[in-house]
Each structure stands twice: as C-alpha cells, then as structure tokens.
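Below is one structure, written out as structure tokens; the observations come after it.
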Amino acid sequence: MTLFYLSTFGVSLLFSLVLTWGVRNLAMGRGWAAPPIQDRDLHETPLPRLGGVPVFLSFLIGVAIAFLASLCFPALAAGLSLRTLLTILVPGTLIFLLGLYDDIHSVGPYPKFAVQAVAAIMLFAGGLRILDLPVVFGARHLAWYIGLPITVLWVIGITNAFNLIDGLDGLAAGSALFSTFVVFVVAVASGSSPVSLLTVALAGAILGFLRFNFNPATIFLGDSGSLFIGFMLSALALEGAQKAPTVIAVAIPVVSFGLPILETTLSVLRRLISGQPLFTADREHIHHKMLQLGMSPRQVVIALYAVSALFALLSLFLLWPGRNTLGLVLVVIGTCIWFGVQHLGYLEFWEIRRVAQRTIEQRGIFANDLAIRRAIEELKGASDYAQVCHILKSAFSANDFDRFELSIKAQAEEPPAIGGIRLWVRPGERLHFEWSKPDAPKFRDDWAAWNLGLELVTTSNRWLGSMKIYRFYTDRSLLIDANLLTSIFPVVLADALDRALNSKQGVVPEVTTSSDFMAAEAG
C-alpha cells in the first residue's frame, strides 16, 4: 500500500514538473503573461498566470493511472470506485474551468460564488456533506435543509480562502501542501483509501509546481490553480469526514486550514469595521503587513510556511483526542493568533480595542458628561459673573481637563464676524478668569499640552469672547462627549455671561493673574 501511494505521488510529481515547465515556456513564448498593473501586485516583470493548468492535468493523470492500477490489483485501493472519483472530480473540473476563465477574462465575485455554490451542491448530492456540528448542535444529525447551506458555506469559504492568500510567490501552494499532508494522515488513520489516493496525487501536483513557483517565481498559480486546490481540499475533507470520528471530522480540517481561514476572517472583519466593500482588493493582507515590517518576500513566505506547519501539527494532535486536547489546542491557537494580529498592527483592531476600552470606562464618561450637563442647567439660571466662575470651576474639577481660561473681550475696533454675520460688541469691557486643577503642574508655553478653543456667541449672535480648555498629552482617554462641550455648552455660557454683563452687581474689575496662573474668582 505504501509503495502504491509513493508511486502515485511520484507520477503526479513528475508530470507536474514537466507540464509546469512546458506551460511556462509556452505562455512566455506566446506572450500570455500578466504585467504588474495593480497596486497589490508585487512582481516587477510579466509572468504567466496559468499555473493551475499543470497542477490540474498532473493531478488527473496521477489519479487516472492509480485508478487503472487499482482495477488490475483491487487490493491496492479498497473502496475506490469510479462513482467516488466522479463525485469529486466533476465539480472540481467545473471549479478549475471557472478559475481558468477568470485568469483569461475577469469574472466578478457573484458569478464566481454562484458557480462555486453549484459545485458544492453537486458534492452534497453525491453524499459529501456536513452531517453534524457537535459544538453548536450537539450529537444529533442535521436536517438536509441545515446541512446543505453549511456545506455550501464550507466549500465556498475554503475554496476562496486559498485564493485569498495567493499573494506571494509560493505562499498558497506551500500552505496547501501542509494542509494536504494533514488530510492524507487523517484519511490513512480513518481507513479512507479514496481520500488517501487523491491527496497524494494532489500533493505531487502541488510540489512539482512549487519548484517553479517559489520565490523568485517564474509562473503564478492563478485562480485556476488556487480555486481548484482550495475546492479539492474542502471536498476531500468532507469525504474523509464521512468515516472519521466527530472531533476529527469537524476540528482537524478547520485547524489544518488555519492560515487561509485566518486570512479570510481577518479580511472580512477589517472591511466590515472600516466600511469597505467585502470584495475590494487591498494591501492589508497578512503577507502585506509582514512586508511592511521590513521582511523580504522570501522571509515572509518561509515564516508563513512555519505558521502553516504549526497549524498542521496542532491539528494532528486531535487524532488522539483526550479529555482536554481540543481545549488545549484551541487555547494555543487563540494565543498565537492574538499576539500575531497585535504584532501586525491592524488599525481596525486597534479601533475595536478602543471601543472595548470605552465600554469599560463608560462610567467615567457618564460622570464627565453629567458634570457638563449640570453646569449647562446651572448656567441657564446664573445672572452674575462670580456665580458663572463658580459653576465652571465645579464642572471642570470633575472632568478630564486640566485647566481653562475664560476671556470676555469687548475692546475690538472692528467687530468680529461669525458665519458671515457682523456682530455687535459692547466696548470698554474685559474680564478674565483662569483655573487649574490643584494637582496639575504649572502650565508653561513649552509644556506638552493641547487646548480646545470655544468662541462664546450668544443665542442673539453677540460675540462676547472665548474660552480655552487645556489638557496635558497623555495615554489616558478623554472621557467626555466632545459634541456636548463644543455645541451646547458655549452658547449657554455666552448667554450667562451676557446676563452678568448687563447686571450691575455682576460686572467686576478686570482680573489679572500672576505667572503662576493661580485661580481667580470674583466675589
């Protein structure tokens, strides 16, 4: 049996080497090469994108020879039948033709998904389906109307996941090689001869192609190759799941396809968070982020090979499921993914962390906003300058700002214009009030602080002056509703000051402050 598998692998490998060399030379001679026309393209010279053709043909040749040998010697591949082969190969050929057409003529995402869904339904009709999801539905079997959409989702997801990571020389093919190895080991362990045979043929086809696709590549996999490989792996995982124990059937394929699944998940989440279309191309994939960190393309591919190998190794641990094996594997994977994503520096996930932190700090936001809202309500009833200053001091003592300066200026020779409207200003008046938190350092011009300037304009469009609010630069979040502070608060404050200026007991002499910026309060 081992010799039979090795022979199938060798035949597929040999034909892949020869056919890839021939297709590459033919494509270059005929000018069937794709120049780097998109921003995400990393190659500098035109290269052919027909690598899927030799992969597909060498795989078919290897399987055909192995099938003919099994007819002569039935003991070589017990359980291998023409029906089993056709159940997988017919929809697989459909996916290959879809990818080939897309390599020559561009195809939109929705027609691609439609064809892939048809191929998935063909697998389901042939008996390759997801029968249960113990983590979600327990041990009971799924009804067909539940199993069908889950099977279609699985096939479409894995098929496009391998297509999504095909962005560097040898990345998709190399990652698929590790996953193929896992599917083969699981098939041998569960006694599934058809899956074992198909996986060794696929592995030989991929490895032979990888000889020409590894950095620096002379031919690309193209959609015909990446979609075909992804579809075959999703189908072989379904076929192997029919005889495997529940945990092996569900968990091992998911873990072994970890890198493409992770890339797909991150891409979907990123685009949802940033509001971008799901199917738009960008330079924010894992390999792009690693290139931005200063790694060379070859270093990135080797590092991601190591990640794929780690996923493959962890998935094989599930062949011997113990009481805590699955939980331990998931913890290790989750920890690695968390640190990896943090190191890559995705801005979208920093925003998620910021939102989560804001949720935790929501009590502080409530307290600060309430302090400003209380000040707004109290200012509506204030009628003298001392009362206004006292209200401001109380409000800003309870929020995240460190200092404010209130200046009422009415000495301008030319009245200022707000929104194109010339405002009337009362001459001969100037009041100033400064306050700093008792525990805040003394402010100087060269200190690292920023300020928010509020123009004080009354509801009758009279400009009275301005207020500056200061805060030291710090990693601590500003826990306040800025819109409340910039839109409602200054108008109410301006109205309160206007009433104070028109009150005989509210007008006080100009307040001057020392260089220490001590707080001054009238009254």
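Laid out as a table, the results:
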quantity	calculated
Among (1) closer than 20 Å to ILE252 by Cβ; (2) part of a helix (DSSP H, G or I), the one test that TRP320 misses	(2)
Helices (runs of 4 or more DSSP H) enclosed by segment 86-176 - at least 1 residues per element that are of a type outside the set (Val, Ile, Thr) and buried (at least 16 other Cβ atoms within 10 Å of the Cβ)	109-125, 144-164
Test for ALA375: is it modelled with pLDDT of 80 or more and small (Gly, Ala, Ser)	yes
Pairs with Cβ under 6 Å, 6+ apart, first in segment 449-469 and in contact (Cβ under 8 Å) with a residue 60 or more places away in the chain, second of a type in the set (D, E, K, R) and surrounded by 17 or more Cβ atoms within 10 Å (Cβ to Cβ)	LYS468/GLU405
Verdict on THR199 being over 21 Å from ALA114 (Cα atoms), hydroxyl-bearing (Ser, Thr, Tyr), in the same structural domain as ALA120 (by TED's automatic domain parsing) and part of a loop (DSSP other than H, G, I, E, B)	no
Exclusive hit being modelled with pLDDT of 80 or more, surrounded by fewer than 16 Cβ atoms within 10 Å (Cβ to Cβ) and in a helix (DSSP H, G or I), set GLN299, GLN342	GLN299
Count of residues meeting criterion [under 49 Å from the mean Cα position of the chain (by Cα) and not β-branched (Val, Ile, Thr)] in segment 370-388	9
Residues that are modelled with pLDDT under 85, of a type outside the set (D, E, K, R) and assigned to a helix (DSSP H, G or I), drawn from segment 256-287	LEU269, LEU272, ILE273, SER274
Filter pass, ALA382 being modelled with pLDDT of 80 or more, part of a loop (DSSP other than H, G, I, E, B) and in contact with a helix residue (DSSP H, G or I) (Cβ under 9 Å, 6 or more places away or on another chain)	yes
Selection status of ARG353, out of contact with any strand residue (DSSP E or B) (no Cβ under 9 Å at 6 or more places or on another chain), closer than 28 Å to PHE404 by Cα, modelled with pLDDT under 75 and assigned to a helix (DSSP H, G or I)	no
Residues of segment 44-61 classified as in a helix (DSSP H, G or I) and either in contact with a strand residue (DSSP E or B) (Cβ under 7 Å, 6 or more places away or on another chain) or surrounded by fewer than 24 Cβ atoms within 10 Å (Cβ to Cβ) (or both), total	3
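The values are calculated or read from the model by the stated rules, or taken from the named source; none is laboratory data. Keep in mind that this is a model prediction, so the values were computed, not measured. We place every Cβ from the backbone using ideal geometry, glycine too, and count neighbours over all the protein chains shown.
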